[in-house]
1. Taking the Cα-to-Cβ direction at Val228 and at Ser201 and moving 7 Å from each Cα, how far apart do the two end points lie in nm?
2. If the chain between Tyr352 and Phe383 were fully stretched, how many nm would it gain, using 0.36 nm times the residue separation less the Cα-Cα distance?
3. List, in order, the whole-Hz ³J(HN,Hα) value for each residue of the range 207-215 obtained from phi through the Karplus relation with A = 6.51, B = -1.76, C = 1.60 and θ = phi - 60°; use x for Gly and Pro.
4. Can you work out the PRE-style zone for Ile376? Point 7 Å along Cα to Cβ, and I want the residues of the range 345-362 with backbone N under 20 Å.
5. Could you give me the ³J(HN,Hα) list for the range 388-397, computed from phi with Karplus coefficients 6.51, -1.76, 1.60 and θ = phi - 60°, whole Hz, x at Gly and Pro?
6. Which ³J(HN,Hα) values in Hz, rounded to whole numbers, follow from the phi angles of the range 289-300 under the Karplus curve 6.51 cos²θ - 1.76 cosθ + 1.60, where θ = phi - 60° and Gly and Pro get x?
7. Sorted by packing (mean other beta-carbon atoms within 10 Å per residue), highest first, where do 435-447, 203-215, 352-364 land?
8. Take the Cα pairs of the range 285-474, get the Kirkwood Rh, then feed it into Stokes-Einstein at 25 °C and 0.890 mPa s and tell me D in µm²/s.
Amino acid sequence: RNLQPTLTYWSVFFSFGLCIAFLGPTLLDLRCQTQSSLSQITWVFFSQQFCLLLGSCLGGVFKRTLAQSLFALFASSLAISLVFAIIPLCHNVVVLAVVMAVAGLAMGCIDTISNMQLVKIYQKDSAIFLQALHFFVGFGALLSPLIADPFLSDTNCILSNSTANASSNLPHIRKSLVPHHPGNLSHYDLPMKGMVVTRVSYAFWIMALINLPVPIAVFFLLYKERMVPCFNSSSHPLLSADELAMETRPTEKDDLSTAVQRPHAAGGHDDLFSCCQSKNFRGASYTYFAVHITGALVLFMTDGIVGEYSGFIYSYAVEEPLSVVHKVAGYLPSLFWGFITLGRLISIPVSYRMKPATMVFINVVGVLVTFLLLLIFSYSVVFLFVGTASLGLFLSSTFPSMLAYTEDILQYKGCATTVLVTGAGIGEMVLQLLVGSIIHDQGSYSFLVCGMIFGGLAFTFYAFLLFFHRMYPKPSSDMGDASPDKPAVMDDTGQYQR
């Protein structure tokens with residue numbers, strides 16, 4: 001009965017992946033299209049990342065009813081198709097930044113709502129479905145650069161008198177423009193004015209068409225649930241026996257207050273601003289807050305590693321002491337995302353047999369060991385490729401496993417999904433900026449040192465999370481015996497049962 005909703009949420013996350021990875025390889029062509037400087041085009045990255053974070057915080061607003069969630073997903077996935085179609089028409093960098101801000105808001109809503117809805121549907125069985133959900137992010141992120149690659153300019157896409165002098169630098173410049181933080185490339189003298197010659201518009205239109213079935217799938221789900229106003233018939237579908245029993249049970253028990261509280265308790269996921277209301281803190285122990293904070297800090301570090309590694313691995317490889325050929329080094333980001341996608345695919349059956357806590361432990365230890373070996377064999381080009389693939393595998397399932405584990409601890413109450421998504425988004429944005437400035441000041445070797453430090457911090461925060469898990473109050477025994485696989489509900493006063 002949950003097949004269509006699950007497939008729909010997975011497809012929407014494919015839209016998220018398409019939109020998260022195309023800016024890096026197309027940045028030079030977009031710079032030519034907008035005839036802007038490299039310092040100006042960096043605002044496009046900032047607008048997308050900042051609004052993605054904002055959308056993640058606000059996404060919980062639309063979770064209150066299924067209709068609101070689906071309409072938000074429909075609008076967000078349709079907005080991404082429209083953004084792909086509009087980008088070729090943006091000939092001003094400010095307009096392009098605004099368009100990418102809209103895409104960031106849509107991506108943030110998709111990130112929060114899809115995770116929340118799958119956790120609501122499957123709860124203690126959600127780990128395997130979350131692994132599949134995040135596989136589609138990797139698949140979309142792997143596909144969009146492949147679509148764009150045939151249409152990228154091999155020579156200068158602005159024809160001027162200085163074209164001949166600048167064209168030889170362009171392959172290196174394109175590879176150096178990282179997905180979210182282009183870095184310091186001001187020493188490249190590229191022409192600002194002239195006739196724009198680029199075919200990258202075709203890539204965006206192809207991605208818009210590829211993404212178009214996603215909002216259509218969400219619309220069909222809305223239609224099936226009879227939530228489309230103009231297609232909604234006067235008679236609603238009959239409730240199944242299970243749903244009827246759930247609806248009538250509070251009346252039979254004559255417990256009206258619990259019936260009113262149940263929708264909130266079952267969901268247990270608010271937007272970030274609702275989570276911060278004081279009424280949610282009454283009666284909660286310190287471990288309640290500690291689980292939220294330590295879980296968010298683990299993802300702050302691991303998602304930050306994903307962002308900074310995919311962004312700066314090329315720049316690290318082409319510098320001394322490795323001095324990898326530019327064309328060969330260009331395969332490293334693709335290798336990294338490819339093994340993230342492969343790892344998420346492998347994690348689907350693995351998560352069926354292995355507990356989320358064990359998977360997260362393997363992930364953070366694997367990331368730490370990989371960075372340690374990368375530092376030891378820092379002069380080996382072969383191990384750089386091996387380590388990149390290994391790091392992608394270990395990072396691939398961290399987010400969905402961490403989300404499932406934290407929700408299990410909190411018995412699907414609190415604001416774990418919203419807080420974790422927000423923490424991951426902040427980490428990806430902040431650590432990229434931090435590592436970029438450190439590499440600029442200290443040299444390329446600091447790239448691996450930063451990764452080692454972030455991996456160590458992720459392991460430390462996870463150790464604290466395990467400690468607070470042991471300290472967190474267990475649900476009451478009678479509730480656990482009656483329904484061990486169902487989340488605990490709040491009592492009549494709205495407080496958590498201890």
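Where a number appears in this text, it was derived from the coordinates with a stated rule and is not lab data. Treat the numbers as computed from the prediction; the structure is a model and nothing was measured. Heads up, the Cβs are rebuilt from the backbone with ideal geometry, glycines too, and the neighbour counts pull from every protein chain shown.
1. Result: 3.2 nm between the two label points.
2. On the way: separation 31, 0.36 × 31 = 11.16 nm, distance 3.15 nm.
Fully extending the segment from Tyr352 to Phe383 adds 8.0 nm.
3. Coupling constants for the range 207-215: 5, 4, 5, 5, 7, 4, x, 5, x Hz.
4. So the set is 362.
5. After applying 6.51 cos²θ - 1.76 cosθ + 1.60, I find 5, 5, 5, 5, x, 5, 6, 7, 4, 9 Hz.
6. 6, 5, 5, 4, 5, 5, x, 5, 5, 4, 6, 4
7. Details: 435-447: 16.6, 203-215: 20.2, 352-364: 18.5.
Ranked from most to least packed, the peptides come out as 203-215, 352-364, 435-447.
8. Estimated via Stokes-Einstein, D reaches 145 µm²/s.
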